Amino acid sequence: MALDMQYFEEMEAKIPTGKVRTRFAPSPTGYMHVGNLRTALYTWLIARNAGGTFILRIEDTDQGRLVEGATDVIYRTLAECGLDHDEGPDVGGPVAPYIQSERRDTYGKYAELLVEKGHAYYCFCEKTESEEDSGNFERAADPCRDLSLEEARARVAAGEPYVIRQRIPREGTTTFHDAIFGDITVENETLDDQVLLKRDGLPTYNFANVIDDHLMGITHVVRGSEYLSSAPKYDLLYQAFGWTVPTYVHCSPVMRDAKNKMSKRHGDPSYEDLKAQGFLTEAILNYVALLGWSPRGELAEQEVFSLPELAKAFDLGGMSKSPAIFDIEKLTHFNAMYLRAMTPEAFAQVAEPYIRSVVTNEKIDAAAIAALLQARCERLTDIPEKVDFFQELPDYSVELFTNKKSKCNPDVAKEMLQVAIPMLSAMPQWTQEFIHESLVGLAEGYGVKNATLMWPIRIAMAGKTVTPGGAVEIACILGHKETIRRLKLGLEKLG
Ligand code: GLU
């Protein structure tokens with residue numbers, strides 16, 4: 001079984017060099033974790049900061065865990081977030097394919113190469129599927145480790161099922177360097193002879209990852225710190241092949257509280273959940289960027305960053321080793337800031353679907369409602385319950401007409417509505433200025449505070465005490481006829 005060395009030479013020749021190359025390598029799980037989104041963002045930022053290349057690679061070797069439509073979530077999220085990739089399954093590139101299940105043959109060849117070099121061996125022992133998948137099983141002296149290569153190859157040729165395991169040195173230590181965590185040294189005897197190639201010919205996650213990172217010319221491997229413990233085995237693989245070890249950038253976890261990592265299973269929100277909860281993509285990205293990285297120098301105090309600003313400011317030195325706690329209140333604060341900073345047109349555009357989910361009456365101007373909301377909502381999902389009264393007057397109690405500060409009570413309210421209705425009914429023009437001037441004039445003529453008149457009018461129009469916008473704005477949006485109709489209903493209620 002002679003190895004085709006030319007294949008390896010050709011693969012080497014294809015590897016792009018000279019530029020920073022990073023990859024986001026998600027497994028298609030069906031959703032985007034906040035931690036994953038942050039990894040994608042940091043990976044993209046490192047590439048963009050250095051004028052390098054950002055690659056998307058789909059890691060789908062764990063066929064048992066494949067979820068229908070799961071890659072769509074990845075593409076959609078990256079696109080929505082503006083994390084554009086230069087190479088990937090959909091756009092191609094010099095080291096295609098970018099989907100691991102399509103690279104199957106490659107892994108087998110490299111596993112054989114490692115056997116040839118003496119750094120891996122065929123193992124014929126029975127293993128459970130999960131042992132194979134995880135690559136971890138008892139290190140206990142495997143008799144196959146000591147088989148001669150001829151003998152092992154004869155058994156392979158005879159059709160005996162096998163896996164290929166990494167031959168980890170039994171003595172000595174391995175030290176690897178991480179850009180965030182520094183040097184980490186482990187005793188080799190604590191590392192197991194992990195499975196590289198499974199019986200079905202598919203690689204284990206750890207093996208495919210190393211092969212692909214090398215063959216794709218990845219210079220910075222950015223990933224969650226849960227992979228730190230596998231890093232020494234990766235290093236030994238790189239050494240065994242004689243390849244340069246990339247810069248490792250392990251990111252500390254995103255936690256839900258001091259003790260627990262965020263987890264979908266425990267109900268923590270994914271990126272899609274946050275969107276559904278009314279958070280803006282830009283606000284999510286800005287907040288997530290600061291979970292584990294902080295600007296330094298003259299930017300140290302800056303909190304709001306656009307994506308291009310982040311790309312400029314991002315540096316590995318600002319990344320933190322300590323876990324970050326995801327705080328929904330802080331995200332809400334960012335979201336409110338982003339909502340306020342939008343142009344009125346842009347805000348109206350994002351707010352409209354939420355307004356229209358309750359205000360279906362097309363005669364009511366959604367953009368006018370949006371203008372009232374912009375300074376008053378923290379999340380887009382706050383909108384429906386704030387504006388539902390435009391669609392339909394809720395059933396309300398006369399108690400609402402009582403307000404001390406406005407010097408109003410049901411008797412005063414009745415008096416105010418009695419004078420306001422004929423005046424408003426007779427108005428020739430229904431504009432904000434006109435309504436405002438007329439009402440202020442009426443209050444003055446009647447010798448009451450503006451609020452004493454505005455309060456009952458607003459209550460009668462909205463049926464609730466807290467509304468976005470005051471009486472004048474609401475009247476203008478409701479329109480002449482509907483305003484008068486509601487004021488009359490209010491008057492009836494007051495008996
Ligand atoms: N496929 C791995 C994951 O989704 C990525 C690990 C890596 O980036 O090396 O967690």
Subset tally (residues that are closer than 29 Å to residue 360 by Cβ and part of a helix (DSSP H, G or I)) for the stretch 396-412: 3
Only one of these conditions is not met by residue 329: (1) within 24 Å of residue 471 (Cβ to Cβ); (2) exposed (fewer than 13 other Cβ atoms within 10 Å of the Cβ); (3) acidic (Asp, Glu). Which number is it? (1)
Residue count for the stretch 54-92, restricted to those that are over 15 Å from residue 26 (Cβ atoms), over 14 Å from the mean Cα position of the chain (by Cα) and open to solvent by 30 Å² or more (accessible area, probe 1.4 Å): 6
Farther than 17 Å from residue 293 by Cβ, away from the ligand (no atom under 11 Å from the Cβ) and in contact with a Leu (Cβ under 6 Å, 6 or more places away or on another chain): which single residue out of 51, 18, 69, 82 fits that description? 82
When only residues in the stretch 455-489 that are not in a helix (DSSP H, G or I) and not β-branched (Val, Ile, Thr) count, which is most open to solvent (accessible area, probe 1.4 Å)? 464
Strands (runs of 3 or more DSSP E) wholly inside the stretch 103-222 containing at least 1 residues that are without any contact (Cβ under 8 Å) to a residue 40 or more places away in the chain and exposed (fewer than 15 other Cβ atoms within 10 Å of the Cβ): 173-178, 182-187
Do the conditions hold for residue 245, that is, is it open to solvent by 50 Å² or more (accessible area, probe 1.4 Å), modelled with pLDDT of 95 or more, within 16 Å of the ligand (Cβ to nearest atom) and on the phi < 0 side of the Ramachandran plot? yes
Anything in the stretch 42-53 that is surrounded by 23 or more Cβ atoms within 10 Å (Cβ to Cβ) and within 18 Å of residue 281 (Cβ to Cβ)? List them, or say none. 42, 43, 44, 45
Working carefully through the options 295, 323, find the one that is more than 16 Å from the chain's Cα centre (by Cα), open to solvent by less than 20 Å² (accessible area, probe 1.4 Å) and under 23 Å from residue 224 (Cα atoms). 295
Within the stretch 20-47, can you find the residues that are farther than 18 Å from residue 179 by Cα and not in a helix (DSSP H, G or I)? 25, 26, 27, 28, 29, 30, 31, 32, 33
So is residue 439 free of Cβ contacts under 8 Å to residues at least 40 places away in the same chain and either at positive phi or surrounded by 19 or more Cβ atoms within 10 Å (Cβ to Cβ) (or both) or not? yes
Would you check if residue 452 is of a type outside the set (A, V, I, L, M), open to solvent by less than 40 Å² (accessible area, probe 1.4 Å) and farther than 28 Å from residue 382 by Cβ? yes
Among the residues that make up the stretch 407-418, is at least one of them over 13 Å from residue 494 (Cβ atoms), surrounded by 16 or more Cβ atoms within 10 Å (Cβ to Cβ) and either of a type outside the set (Phe, Trp, Tyr) or touching a residue at least 40 places away in the same chain (Cβ under 8 Å) (or both)? no
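Table: residues versus (1) among the aliphatic types (A, V, I, L, M); (2) not in a helix (DSSP H, G or I).
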{"position": "354", "(1), (2)": "no, no"}
{"position": "358", "(1), (2)": "yes, yes"}
{"position": "361", "(1), (2)": "no, yes"}
{"position": "372", "(1), (2)": "yes, no"}
{"position": "378", "(1), (2)": "no, yes"}
{"position": "384", "(1), (2)": "no, no"}
{"position": "394", "(1), (2)": "no, yes"}
{"position": "414", "(1), (2)": "no, no"}
{"position": "428", "(1), (2)": "no, yes"}
Cβ-Cβ under 6 Å, sequence separation 6+ or interchain: first residue in the stretch 20-34 and modelled with pLDDT of 95 or more and open to solvent by 10 Å² or more (accessible area, probe 1.4 Å), partner within 7 Å of the ligand (Cβ to nearest atom) and part of a loop (DSSP other than H, G, I, E, B). Which pairs? 25/59
Taking the criterion of being surrounded by fewer than 15 Cβ atoms within 10 Å (Cβ to Cβ) and within 15 Å of the ligand (Cβ to nearest atom), would at least one residue in the stretch 227-241 satisfy it? yes
The conditions are (1) in a helix (DSSP H, G or I); (2) touching a Phe, Trp or Tyr at 6+ places or on another chain (Cβ under 9 Å), and residue 83 fails exactly one of them. Which is it? (1)
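The values are calculated or read from the model by the stated rules, or taken from the named source; none is laboratory data. Model, not experiment: these values are computed from the prediction. Cβ sites come from the backbone with ideal geometry, for glycine too, and all protein chains shown count toward neighbours. In case anyone asks, the SASA skips ligands and DNA or RNA and just uses the protein heavy atoms, side chains included. Shrake-Rupley method; radii C 1.70, N 1.55, O 1.52, S 1.80 Å.
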